[in-house]
1. Taking region A:283-307 on its own, how many of its residues are part of a loop (DSSP other than H, G, I, E, B) and either on the phi > 0 side of the Ramachandran plot or among the acidic types (D, E) (or both)?
2. Name every residue in region A:283-304 that is over 15 Å from B:A34 (Cα atoms) and either within 14 Å of chain B (Cβ to nearest Cβ) or modelled with pLDDT under 95 (or both), in order of residue number.
3. Going through region A:276-312 one residue at a time, which ones are more than 21 Å from A:D99 (Cβ to Cβ) and not charged (D, E, K, R)?
4. Output the residues belonging to region A:247-271 that are in a loop (DSSP other than H, G, I, E, B) and free of Cβ contacts under 8 Å to residues at least 60 places away in the same chain.
5. With region B:7-87 as the region, which strands (runs of 3 or more DSSP E) entirely inside it contain at least 2 residues that are open to solvent by less than 40 Å² (accessible area, probe 1.4 Å) and among the small types (G, A, S)?
6. Can you run down the residue pairs with Cβ atoms below 8 Å, 6 or more apart or on separate chains, where the first is in region A:72-96 and over 27 Å from A:F160 (Cα atoms) and more than 7 Å from chain B (Cβ to nearest Cβ) and the partner is β-branched (V, I, T) and open to solvent by less than 20 Å² (accessible area, probe 1.4 Å)?
7. Answer with yes or no whether B:W58 is more than 14 Å from chain A (Cβ to nearest Cβ), closer than 30 Å to A:V91 by Cα and in contact with a strand residue (DSSP E or B) (Cβ under 8 Å, 6 or more places away or on another chain).
8. Please go through region A:156-180 and pick out each residue that is open to solvent by 50 Å² or more (accessible area, probe 1.4 Å) and over 16 Å from A:G240 (Cβ atoms).
Amino acid sequence: MDSPEKLEEFQQRIDNGEKIEPKDWMPERYRKQLIRIMSQHAHSEIVGMLPEGNWITRAPSLKRKMVLLAKVQDEAGHGLYLYSGTETLGVKRQDLVEDYLYGNAKYSSIFNYPTLTYADICVIGWLVDGAAIVNQTMLAKSSYGPYSRANVRICKEESFHKKQGYEMLAKMADGTPEQQKMAQDAVNRWWWPTLMMFGPHDTDSPNSAELIKWGVKTKTNDELRQHFVDRMVMEAEAIGIELPDPDLTYNEETGHWEFGDIPWDEFWSVVKGDGPMNRERMKARRKAYEEGEWVREAAKEYARKKRLQDEKAS
Amino acid sequence: MTKNSSENTEWPLWEVFYQPKDGKPFEHAGSVHAPDAELALQNARDTYARRNEGIAFWVVPSDQIVASSPEDQGPFFDPANDKPYRHPQFYSVPRAVKKRK
């Protein structure tokens, strides 16, 4: 068990704004929570390549194809920064990945929705990456050094992701009637799932208080969601897109946009595995992992033989 | 349900250091998995320098890194704490030669 003195000392460091580094003493539960959150974040980046990868071969132009390829490659990079950060907590990457593919580890539910048209690619960049930026900007201040640094790196790249999506969406919203319809339809489908990305309301989020106490997070789910909504209302208006919420109203007193009820039943059903694409996504990820096994083995064996050869030669 | 984790197909871990610009010191970037040094360098490039963040890389097997331990931080750095005479501020110079702002 963690001694009360140690815990007190640890809390003092957090309250002083110090960063916790891998070899520092930390409560067992802090380590556990970090492993859960960081690996979940990593899995999300990796599975996030699937909905967008779906459109690489059918991008509307060579320029858009290059942009999408670069973006999807960045998502892989983000996953790798985060796995690398998680491994500093003394866990093996293979175990993390297998816990996700064959165990209980979760990933962000947003990636369990299908990408039906290219407008979805625009909207993922604008809304989904927009929401990710809000979250990750907060996590860049996280108390755990490696997690904080991974998020700093991610944030630098994420603004390209959001801007390319927003720019494309603006073009479509300014295009032919068909394009405008496609753009609006995609926004209608992604808006509510995006708001759910911030997680349950603070009152239904048992982990939040502890994570904030330990400085892993610095803002609550509802604070982040509100910040996001305020910004998106403005950005939607600027390009003539409507947000599918009749209850959106500006509150003069608070200076915030109030929004309607989030469909939480849908959220929980997707979290539990019944979203439109859960099975498909897991199938694709397992297939990639299993079919890549011989490559991992062959490369290892090649390295071993080469090492033996080099030893002989010298 | 769990895949056979005893079968270890994971590649070794390497710590990655990069030089952000000509003349700058190398910094720690993170880590990569790779079967050998050559691929570790290539993975480091693809992971940590997609936007020219680095112009040169070092990769080191992670198990070869030796780090000081936080518990010994006090005594370990103690020798530096009682030597203020290592700093220029410890010395006084005639007013006449003090630099003007």
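The values are calculated or read from the model by the stated rules, or taken from the named source; none is laboratory data. This one's a predicted model, so the numbers in the text were calculated from it and none came from an experiment. Note: ideal-geometry Cβ built from the backbone for every residue, glycine included; neighbour counts use all protein chains shown. Ligands, DNA and RNA are stripped out before the accessible areas are found, and what is left, the full protein with its side chains, is counted by its heavy atoms. Shrake-Rupley method; radii C 1.70, N 1.55, O 1.52, S 1.80 Å.
1. As a first pass, look at region A:283-307 and keep what is part of a loop (DSSP other than H, G, I, E, B): A:292.
So of that shortlist, the ones also either on the phi > 0 side of the Ramachandran plot or among the acidic types (D, E) (or both) come out as none.
Qualifying residue count, region A:283-307: 0.
2. We begin by selecting, within region A:283-304, every residue over 15 Å from B:A34 (Cα atoms); these are A:283-291.
Passing the criteria: A:R285, A:R286, A:K287, A:A288, A:Y289, A:E290, A:E291.
3. Hits for region A:276-312 are A:P276, A:W294, A:V295, A:A298, A:A299, A:Y302, A:A303, A:L308, A:Q309.
4. A:D247, A:L248, A:E252, A:E253, A:T254, A:G255, A:G260, A:D261
5. Answer list for region B:7-87: B:27-33.
6. So the pair list comes out as A:L96/A:T86.
7. Against the criterion (more than 14 Å from chain A (Cβ to nearest Cβ), closer than 30 Å to A:V91 by Cα and in contact with a strand residue (DSSP E or B) (Cβ under 8 Å, 6 or more places away or on another chain)), B:W58 qualifies.
8. If we filter region A:156-180 for residues that are open to solvent by 50 Å² or more (accessible area, probe 1.4 Å), which is where we start, we get A:156, A:159-160, A:163, A:166-167, A:171, A:174, A:176-180.
Scanning region A:156-180 gives A:K156, A:S159, A:F160, A:K163.
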